[in-house]
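**Student:** Pasting a structure here, questions to come.
Values quoted throughout were computed directly from the atomic coordinates according to the rules given, and no laboratory measurement underlies them. Here the structure is a predicted model, which is why all the values come from computation and not from measurement. Here the Cβ positions follow ideal geometry from the backbone for every residue, glycine too, while neighbour counts run over all protein chains shown.
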């Protein structure tokens with residue numbers, strides 16, 4: 001019996017690998033189209049995107065990024081942080097790296113319960129998380145500490161927002177000085193012990209309220225700016241968008257646009 005030449009066996013194996021790779025890419029495009037379509041409809045089908053973690057190539061960052069966006073929309077911020085962190089490990093291209101870092105910083109900030117900063121330990125933990133978010137934006141120069149040499153305006157603005165929140169947490173007395181003076185004049189008739197207790201309670205409440213207002217105000221401004229940009233973008237584009245075809249950015253309300261505070 002004549003043996004099959006070895007080169008034919010190698011050719012057959014090579015053809016099989018090419019077919020598997022091609023089928024994988026086609027499936028990724030189809031899964032991403034399905035994910036984007038559902039996402040734009042307010043349905044965050046994580047199971048569909050999780051299938052892309054098998055044979056995760058090319059654009060290995062993409063399923064983690066999309067899953068992070070889905071978790072973020074569902075307010076599962078700790079899970080979103082994990083997905084964005086994994087996405088950064090997959091060496092995304094520069095423009096996608098910036099988006100991932102911004103969304104990661106936002107997810108980190110949202111893991112903080114600003115309505116419950118009743119102890120110094122909780123305040124210290126919040127400050128630590130805010131510094132993590134800040135460092136995420138500073139890495140690779142997307143934002144900078146000083147000057148105008150930052151690589152992305154959104155990253156720089158978010159970093160400055162975080163700086164303000166850190167300052168309020170670290171030095172609440174300085175930011176509340178005028179309000180405290182008003183409290184002291186209005187409470188002058190009370191005895192010393194009652195006055196101290198009331199001022200401490202009022203200061204704590206103001207601190208929490210101001211932090212929450214700072215967060216909500218920045219979120220609203222960022223959201224309005226993003227919605228305006230999306231409106232202009234959609235006016236000149238097709239109705240259907242696919243994450244898989246353009247490396248992570250769909251064209252119709254894609255998950256990337258979570259650059260909100």
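**Student:** Report the extension gain between residue 60 and residue 12 in nm, rounded to one decimal, defined as 0.36 nm multiplied by the number of residues separating them, less their alpha carbon distance.
**Tutor:** 14.6 nm
**Student:** Which number do you get for Rg(Cα) / (2.2 N^0.38 Å) in region 88-156?
**Tutor:** 1.24
**Student:** Could you rank the peptides 61-74, 161-174 by their average count of other C-beta atoms within 10 Å per residue, with the highest value first?
**Tutor:** 61-74, 161-174
**Student:** Now for a separate question. Which distance in nm do the two modelled labels at residue 122 and residue 91 give, with both placed 7 Å along the Cα-to-Cβ direction?
**Tutor:** 4.4 nm
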